[in-house]
Structures are given as structure tokens and as C-alpha cells.
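Undergrad: First the structure, which I've put down as C-alpha cells, then a few questions once you've had a look.
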Amino acid sequence: MSCVSPRLGFSNRAQGNADQAAIRVGFFQLFRFATCRQVLMMAVGSVCAVLHGSAQPLMLLVFGLLTDTFIEYDIELNELSDGRKECVNNTIQWKRNYTAAAPSHNLSDWSNSTWEMFVPLTGRTCGLLDIEYEMTLFAFYYVGIGAAVFLLGYLQISLWVTAAARQIQIIRKMYFSKVMRMEIGWFDCTSVGELNTRMSDDINKINDAIADQVAIFLQRFTTFVCGFCIGFVKGWKLTLVIVAASPLIGIGAGLMFVAKLTGMELQAYAKAGAVADEVLSSIRTVAAFGGEIKEVQRYDRNLISAQRWGIRKGLIMGFFTGYMWLIIFLCYGLAFWYGSSLVVDTEEYTPGTLLQVFFGVLIAAMNLGQASPCLEAFASGRGAATIIFETIDREPEIDCLSESGYKLDRVKGDIEFHNVTFYYPSRPEVKTLDQLSVAVKSGETTAFVGPSGAGKSTAIQLFQRFYDPKEGMVTLDGHDIRGLNIQWLRSLIGIVEQEPVLFATTIAENIRYGRPGVSMEDIITAAKEANAYNFIMDLPQKFDTLVGEGGGQMSGGQKQRIAIARALVRNPRILLLDMATSALDNESEATVQEALDKVGMGRTTISIAHRLSTIKNADVIVGFEHGRAVERGKHNELLERKGVYFTLVTLQSQGDKALNEKEANGSDRIIFPASFRSSIRQRSRSQLSNLIPESSVAIVGELGPRAYNAIPEEEEEVVEPAPVARILKYNIPEWPYMLFGTVGAAINGGVNPVYSLLFSQILATFSLTDPEVQKKEINGICLFFVMVGVVSFFTQMLQGYAFSKSGELLTRRLRRLGFHAMLGQEIGWFDDHRNSPGALTTRLATDASQVQGATGSQIGMIVNSLTNIGVAVLMSFYFSWKLTMLILCFLPFIALSGGFQAKMLTGFAKQDKQAMEAAGRISGEALNNIRTIAGLGKERTFVDMYEAQLDAPFQAALKKANVYGACYGFAQCVVFLTNSASYRFGGYLVRQEGLHFSLVFRVISAIVTSGTALGRASSYTPDYAKAKISAARFFQLLDRLPQISVYSDKGDKWDNFQGNLEFIDCKFTYPTRPDIQVLNGLNVSVKPGQTLAFVGSSGCGKSTSVQLLERFYDPDHGRVLIDGHDSTRVNVPFLRSKIGIVSQEPILFDCSIGENIKYGDNSREISMNEVISAAKKAQLHSFVMALPEKYDTNVGAQGSQLSRGQKQRIAIARAIIRDPKILLLDEATSALDTESEKIVQEALDKAREGRTCIVIAHRLSTIQNSDIIAVMSRGFVVEKGTHDQLMARKGAYYKLVTTGAPIS
């Protein structure tokens, strides 16, 4: 199989077309891992399947003979019931005395009946037929076939499932070990979540394609072939007539399939989904401009088309179901009418032959239909195998398990980067390293500093050979590391990362991961060196304490020290510290730092750090910028150079002073700049950048011990399924539809029993002796068939339409309510990663539509099954209660088997999933922490652990194979057994109690058909349980009370709104990261009409203060006063209506420019004149008039059709049209080039006139003329005043202005 070039094959995540991966695996290639033994098992299984498939047609032969026997017996009874006939020597003759007495009478009064007696009777036998004996014989046939079916069914399933289980185990092992060998760059391009689903779902799909489905497909296909054979051999004329009609059924089935497959309603929903997605992604803008109600209405308008499609689909499905029934009943009518003429007129067929032919073709057609789902399973299995087999065949670019490569005898530890250029494979357009040249001498400690994204961590990762440079080379002692053995190279390196990864095992085991087979003494020594020994001994279980998933039970500092111990136990030549102490508080930092200094002796150490204390005493400091090393030297030399290092140090030392004064306890703790830390904001880790939404990135302030627990992936919280009553309550307005639907369902339920009534009636006509009466009866019954078909057509349509209408109206109502509830939540709720826009839109799309499954269609299903079984049982009791009692004993089994067969079609994937959980945990842990595992060289260990865990699911699968096979065999043979018992008993009743034979057929077929139908229905309920859970999730959302309510009228409102703002000792942490203090006692005030400017490094809490003012959040402590009113008591919509905001990246909606500007005020209708005047103020009007469609120009999704400056000016016009009392400008011009910045700045200056204004800016030009400038650091104000005052103070602001360094 040719392997696609890896970059192409695996970056298809970008186009999201992984599902439609072209199928490049042939069906038989799926079995490429089968051993001879498994091939043998599959061969035997296939033979069994073929034999099993021929059993049903065999049964038909028996059935035909059985019918003939009954009919002959009945004709004999009819003949003998004529008083003038008698049975002599096993033939029927006229009674002697009749014929002897005849001539003496006068000829004239002879009636016709006497004349016919002179015609000698054709030799009808009599008295030979012992019906009970015959029936016993047939019963044995049935039992024999039944037993064979049980055995064959069991063998075919268990053999195939066992063989598949073995192959799947091999595939899982190969796949996981290959994934663990892949280079890190491959993981950057393939999300871990995707790999995890591939390991569970995709491999399960392959399993479905190579297990029982093959056997079932073979069996059904054989039945199809044999059925037609019987038809053509026994009676080709009738077969041809039926076959001629069958395309109509085929067309119906095919079109129905198409109707199902068209995801038209999903496309129709896509529009509404796009609205929801757009609104939820820009929820802050929507909230700021009070557009909630407007958006809900816009969403609702877009739901109409989805609703239309849903109803249309229901109608189409109803139409085709009805059409199928209509055609089937017409076929019955046609077949019986033509067949009976063959039996009665030309006497080519016996009645038994007619049945054999008719049912042969019918069964063949049905089995062909049932074989099609298997084909689907094969296709999806091949699709899944494509990606998996490609991965298995792919050769990693950097193979960490390969034996090749040199191992040096002596390692000195000189590291050098020669003109290294590098970009991450996941982001080829960004050059992370650009001609980097750096030498690290052995035995020295070298510190890498620089802003975030300058390539510090990347350099370290290149040295670990996680990646290979695109140009240039990295050498160790003069040897290019690409020529060295990877495992050996990595064994020289100890690494301590910023966010140390611990594995879910004990502390001792975690340290032991550093070096296999290390003694307990060494572990203790390492723990002591890392200052971890004392806290470990304080724990109740000491070294045997479990650290929890991802080390979750430990604090940041503890994790860090365990990680250091793990690095030390390796006794590495080279120590890499990637911000190793950043997650610690000062106390533990000092101890850990001491430990690191101690162990750094005599080793080559590279330390990336953001704290002065950790860097000052490094031998060499290297400053990085834009992927280059721009300066190197000692602490003092670099301060004199006033370069990167200087900028990083400056602003912060001010902050430290202020903080020291605040902490009046005067403890002489080491304080270190937060600015360095600010660069944690966006660790340039390629993985993080895709995971954390920007809004929540500002990681800030005093770092508590638990700061860096990466966002824990919480599982969906468990919800109790919602009560059906509550779901129905939302569906009440649709009760007329539900009523009609129920009536339709009830009539449809009665169709099955009526069919068996007509069927047995036809058999009864064959035993009539008078041809005229026979003809009339048969024509009557065939007409009746047609009528039933027509009625069924209309009721199916009624049921389909009524229920889909009620269901779609319910879905739309729920979607609207859900969306309304979502927009009413406070902003903090959206920060939770479980409520990301993607998750919420999916919830609206799928949960709402699944709820239907619990109302209309569910009721229809229940009513349908109940009438079906009810009518059948009542009818049967009426005709023969004894026989009915006997069959009812079998009914539960029949229903079970029907249910089981339906379940077989859907497969048993769920049980497999649970068995795989333990293995899934290991693979998940391994893939999530692949960098750590690679750094420690522990890939092999994890592969072994995973393979050990695969044994349990494998054993479970083998056990399942047997149970499953037995169940299948039982399900298949239960009908045979029922028939054998019932026909035997029926024979007895016909003989002893004079029951008419057609009633035996009537009762048996009525109950058996409705029994299987019942079983099928019970399992085809469209995911009833799922519907209830979806509903529960929905109701949870509807019932949640937001902490800051948008829709309520409560709260203060006042008339002469001034815009007097005051922050009093505000403290705040983001709800999603409670351990990071963002605002730390912010005090600042603005009088009406003044302009306040915030400056400070990113993450010092500038934007946060603006969000408190908008009441996106409320402060944890302290107050925000607006005109003297506490913000938490003010009415939210009222407050927001007084504030206009222009943010750094303005968010526009996908509509026209005019509409975007009008969005500024959603409380009223805005005239075009107002829009134009606002646009003029924002320097926008002339640019808009130059566009062909002027104000009706569409801005594209998120304003993508416009340049940044244009977007920015639209945002300003939008803020102006509100006529706000308070204007918030959050870095409104930072993203612009100088040209457009001038224009926008002018517009802003105009807009500021007469309003209270808060400006957050990074450019001096924008700040200088503000009334108050507040310099912020670490969540509080360090100094404030006008530009001139601050310049005079010669503090932080002065330094920033004079060095001309950017304020960031």
C-alpha cells in the first residue's frame, strides 16, 4: 500500500475531511493481519453461514408439503360431508342404495343432483391420510432444521467474532506502538483527541467490518439466492410475475434510503447554526451592545427552514413507507390472484407450490434488503482502515526506538547551534528560529531570556531532537546530533519543564521513570537533592502516595520538585530547565533554586527563566528575539546594553517596589519581575496555541502554588434522564398533530394481523370444491388486499407527517429557548471550556433534535406495537383459544429474537468500549504527555503497559463471541421450534375437534408475525434513552440561573447619568482560573468627561478592569461605583446601554456595514441619517461611499472583507451611535499601520469629546494627552498622574518613555 507523503496524509485535520478519507483499502486487505489459524476459522465460519442461509428456503419446501397435506385432508372432509357419498376401499364412491333404487322412480322427478351420481367419481382417495401422524413428521422436520440452525448460527458467529478479536488485538498493538514511535512534529499536526478516537472508534469500525457482519452478510445473501432458486425451480411463471413487480419495491426502498441520507435538514440548520456560532463566539460584543433579544429573533428566523425540511422529511418518509406497504399488498393481491388461477384453472401448481414460490421470492427479497446494512459496515470499516493502516505503514522521520546512530564514549557537554532555521510543521508559515547561532559551554549555566515566542523553548526541543532543524545543525561535542542514537542522547539529558507532567502512579514510580532499575536509595537521594524529601515524608503513604491523574493531587511546587528529582535520578550530563521554578511561590522557589544550583555544578545547564533571581547568577545570559540570539553576556553587561534584557527587567522592578510597600510585613523575600512571566501568556507551544481561547489567556499576577494545573479535561457531568412528562409539556401546543399521528399509528398496527387473516382465507378457498364459488371468493380477497394497501398508504403518510410536524415544532421551540438561555448567562460561564462556542452550537444542533425521539415518534411506536399485538391476540383467541394459548408460551422468545436481530444490525459496540477503558486511559495519558515520555525515553514502557491492558478486552471479546453466537443461534431457531409445536397441535385440533385448517394458519401467522414485529419495534425506538438524556442536558441549561442576569428588570436606573467612575480596592480572579489573582486591590477614579489611560505589561489587569465596568464579571472583593451606585446593584441592560466599547480586534457580524453600525443601539430603530452622521464622525463615510454597494456592502464573516483600519472605524461608528456616556477604548489603534492609525486616532479624539473615557494603549502618542495616566503592574496601580507629572517623578513611566521601549 503506497504511503502518502506524511505531511499530506496527516495534515488533513485542517480540512476536517478525516471522515471522508478516501477509501484506499480493499475489502480483503482488512484481513492483512490474519494468521493461518484465523483464516481457517473464518473459512469454517463462512461455510456455516452459507449452510445456515439455505435453511430458510429448505423450510419452505417442508411448509409447502404441509399445506398440501392440510388442504387434501380438508377436501376429503368436504367430500364426505355430502350424505350421498361414502368411503369404500380407500376411495370415495356413491352410496350403493342410492344408485340401485334409482331407475324405479319416474324419470321426470329426477333432479340434477341425481343425474350427476351416474357420472362415476374420479378416484379421490380417503381414509389413508392420518393427519396427526403427518403433522408429527413435519414437526420433526422443523425441529431438525431448528437444531441445525442453532448449531450453524452459533458456529458462524463465534468463529468470525473470535477471529476478528485476534486480528483487532494485533492492529491495536501495531497502531499504538507505531504512534508512540512517531516524531513529535507528527503529533503537532494530529490532535491527541483525534488519535484517541481513532484508537477506539475507528478500530471498532474495522472490527465491525471483519467480524459477525461478514457471516451475516453471507447468510443473508445465500438465503436470497436459494429463495429465488426455489421460486424458479418450483414455478417459474409465478416467480416471473412477482419479479416483474419487485422493481417497484426496490425503487421505493432506494428512494427512501436517499431521503434518509440527504442531510438537507442539517444543511438547512447550518444557517441557523452559523448564526448561533457567530453570536456565541462574539458573546462579549453582543453583551456589550445589548443585542441578546435581537440575536434570539434572528436565530429563530433562520430556524424556519430547518423546521420545513424536517417536516418535509417526515412526510417523504411517511410517503415511502406507505408506498412500500401499498406495493407489497398489491403484489400479494396480484400473486394470489394469478397463482390461484394456475392452481384452479390449469392445475399446474398445487396450493403448496404456490406458497413455496410466493414465500421463496418474498424471503429472498427481504434478505437482500437486510444484507445492505452489512455493506455499509464494510464501507465504513474500509474507510477507517485507510487512516489506521497508513499510520501503521508510515515510517517516522525521527524514529526514537531505532537502534542506529553512534554513542560517544566520553561526553563533555558542549552544545552548539549553527545557523539553525526552524518552523513547526503545524505552522510552516511562522519562522520560529531564524539563523540561530548559540554556543553553550560544558559545565556552565547558560540562561535563555527573551519575550514569548522568541524561540527559547524551541531551541531546547531541537537539542532533545524532538524536531530536526530545517537548515543548519545542532552539535554535541562537535558531533551533529542527527548522527547520534536517540535513546542514548536523551538518556544524557535531564529536563524539568514549566508544567511538569507526572503519570498517574506513585511518587516513587514517577521518579523511577527517570532511570529504569534505580534503587530506593537513589530515589531518596534525588528527592533530597530536589528538596522534595521532607514533604514526601509528611504524606501518609510517603513514597507510595498516588499523585492522581496528571499529578492532580499535588500542588504546583510539589509536582515541580518531583519532576526535578526525576531529572536528577538520571544523573544527566546536561540539564535543561524550562522555567523550572516559575510555578512556585517564593518560599519553595528559593529551596528549589538552591537544589538546582547544587545539581548544576559540573553539568552543562540551559535554563529558561523569567525571574531575575534565577538568572542573575548564570554564567552566561543569552537574549533571544524573533528566533535569533541578539545579545549575550553577564547580568550587568546586558543592563548597560539597554536591549531585550533591559526592557524585560525595567518596568517590573517598579512593580516590585510598590508590592514590597504593600506587603508591610517587610519580609525580605526575593521578588522577581512579572513581565518575564507575562510571556507565559502565550507559551509558544504549538499545542497550547490551538487549545486555549485567546480571551482567557491573560495569565497574571502572583502565581499561587497551583497556578499551572493545565485545564483538566472534565468528563461530561452525569445527568439524570429527564422525565417524559416534562418533555411532553413543551410539546403540548401540538396535541392535535399528536392525536392524528396516534390514530394513524393504531391503524398501521392493525395491518399485520389483517394480512394473516386474508392469507389464511385464501388457503381456505383452495379446499372448496365448487369452482364458481372459489373464483368469486378469490377475487374478493384480492380486492381486499388492494384496499388494505391503499388504507395503509394513507395512514402511514398521516403518521409520518403528524409526528414529524409536532417533533419539528418541538425542536424549534427548544432550540429557541436554549439559545435564549445561553445568551442570558454571565460571561464567566462562557469561559468554561465545556461551554465553548463549538460545544454550545453542537448542543443546539444535536441535543434539541434528539429530544423529538422521546415524544411523537416514540408514542407512535408504542401505539403501533400495542395495536399490532392486541389485534393479533384478540383475533387468535376468537378463532381458536387452545392453539393461541400454546403459541403465547412462545411469544416472549419470539419477541426476544426479533429484538435481538434488530440489535445485531446495530452491533454491540457499547460493551466493547467499556472493556477498552483501562487501555484507553493508558493510551490517553501517553499521547497527552508524549513530549515528557519522549524526553524520558519511556516509549517502550508505555507500549508494553498498553499491550498488557489489551488482554482483558481480548478475553472479554472471546467470551462475547460464544455468548453472542449462542444468542444468535437461539434467535434464529426459535421460529422453527414454535412452528413445529404449533402445527403438530394444530393437526390434533383439526382431527379431534374439527377445527378448520385455515384457522390453524390464521392463528399461527398472526401471532408469529406480530411477535417478531414487536421485538423489532422495541429495539428500533429511535434512541429513546438518548433523547431523555439530551432533554435533561437541555433542561439543565434552561434551569440555570445566571449570576449576572441580562433579562431581568431589577436593579437601579437613574436619569442624569454622568459617567463618574470609581474602582475601590477591587480584587478579582477569573472563574476558570481561581488560583491566579488578576486584580490585586485596584484603586482608581475618573470624573465625568475625563480621559483615563491605563498602561502596563500585558496581563497586568488593564482589560480586566474594563470588563468589570461592563459587568461581564463582578469583582470578588471591593466595589466598582458608577455615579456612586454600586455596580452589582445597577440594572445590567441599563448600565451597558450607557457604555460604548471599541476593542483591539473589533468583532463585526456577517451582515452589511449599515447593519453593523446600527448594532450599536439595539433598543430602537435607527434612521439612515443617524448612521451617516456617526460614520462621518468616525472618518468612515467617504470610504463607504466609494464602495459599489455603499452602506449595503456585506463585511463578510467576522468582517473578513475589510482591512483592519476599516473594521476599526466601523466599530467606532458603532460605539458613537449609542451616544454613550462612557467610552472604552481597549488598544483601539494598536493593530493599525501609521497611516490608518492617524485617521482612526482623529476619529477617536472626536468621539471622546464630552464623554468619560478609559483608554488602554501601547503607544505613547495615544496616551500623552490623557487627563490621568495610570501605570499598572500585577493587578494594581503603581503610579498615576498626567504625562508631565509622571515624567517628573522619573519612575516606571519615565523609564519606558525615555528608553523608547514598547510598553508591553
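The values are calculated or read from the model by the stated rules, or taken from the named source; none is laboratory data. Model, not experiment: these values are computed from the prediction. Please note: Cβ atoms are built from the backbone with ideal geometry, for glycine as well, and neighbour counts cover all protein chains shown. When the accessible area is computed, the model is the full protein with side chains, heavy atoms only, and any ligands, DNA or RNA have been set aside. Shrake-Rupley method; radii C 1.70, N 1.55, O 1.52, S 1.80 Å.
Undergrad: What is the packing order of peptides 1136-1149, 515-528, 935-948, taking the mean over residues of other C-beta atoms within 10 Å and listing the highest first?
TA: My ranking of the peptides, most packed first, is 1136-1149, 935-948, 515-528.
Undergrad: While we're on this one: Within region 722-767, what whole-number % of the accessible surface is contributed by carbon and sulfur, with the 1.4 Å probe and all protein chains included in the calculation?
TA: Result for region 722-767: 79 percent of the exposed heavy-atom area is carbon or sulfur.
Undergrad: OK, next. Set Lys and Arg Cβ to +1 and Asp and Glu Cβ to -1, take the dipole of region 368-473 about its Cα centre, and tell me which of LEU408, ILE388, THR446 lies farthest positive.
TA: Among LEU408, ILE388, THR446, the one farthest towards the positive end of the dipole of region 368-473 is THR446.
Undergrad: Using each residue's phi in region 629-634, evaluate 6.51 cos²θ - 1.76 cosθ + 1.60 at θ = phi - 60° and report the 3J(HN,Hα) Karplus result to the nearest Hz, with x for Gly and Pro.
TA: In residue order, the calculated couplings are 8, 9, 7, 9, x, 8 Hz.
Undergrad: Using θ = phi - 60° and the Karplus form 6.51 cos²θ - 1.76 cosθ + 1.60, what ³J(HN,Hα) does each residue of region 27-39 get, whole Hz, x for Gly and Pro?
TA: Values, residue by residue: 4, 6, 5, 4, 9, 5, 9, 7, 8, 4, 4, 5, 4 Hz.
Undergrad: Within 10 Å, count the other beta carbons around each residue, average over each peptide in 864-874, 192-202, and list them highest first.
TA: 864-874, 192-202
Undergrad: Taking the Cα centre of each part, how many Å lie between region 128-189 and region 1151-1207?
TA: Their Cα centres are 66 Å away from one another.
Undergrad: How large is the dipole of region 367-465 about the Cα centre if only Lys and Arg carry +1 and Asp and Glu carry -1, each at its Cβ, rounded to the nearest 20 debye?
TA: 300
Undergrad: Residue by residue, what Karplus-based ³J(HN,Hα) values in Hz, rounded to whole numbers, does region 42-54 have, using 6.51, -1.76 and 1.60 with θ = phi - 60° and x for Gly and Pro?
TA: Coupling constants for region 42-54: 5, 5, 4, x, 5, 4, 4, 4, 5, 4, 4, x, 7 Hz.
Undergrad: Further, regarding this structure: Sorted by packing (mean other beta-carbon atoms within 10 Å per residue), highest first, where do 741-749, 564-572, 537-545 land?
TA: The densest-packed peptide leads the list: 564-572, 741-749, 537-545.
Undergrad: Calculate the length of the line joining the C-alpha centroid of region 314-339 to that of region 379-394, in whole Å.
TA: Value for the Cα centre distance between the two parts: 42 Å.
Undergrad: Still on this model: Would you pull out the residues with amide H under 5 Å of PHE1276's amide H, same chain only if 5 or more places away, H placed 1.01 Å from N?
TA: HN-HN under 5 Å from PHE1276: ASN1080.
Undergrad: Just the number, please: Stokes-Einstein D of region 395-524 in µm²/s, Kirkwood Rh from C-alpha pairs, 4 °C, 1.567 mPa s.
TA: After rounding, the answer is 78 µm²/s.
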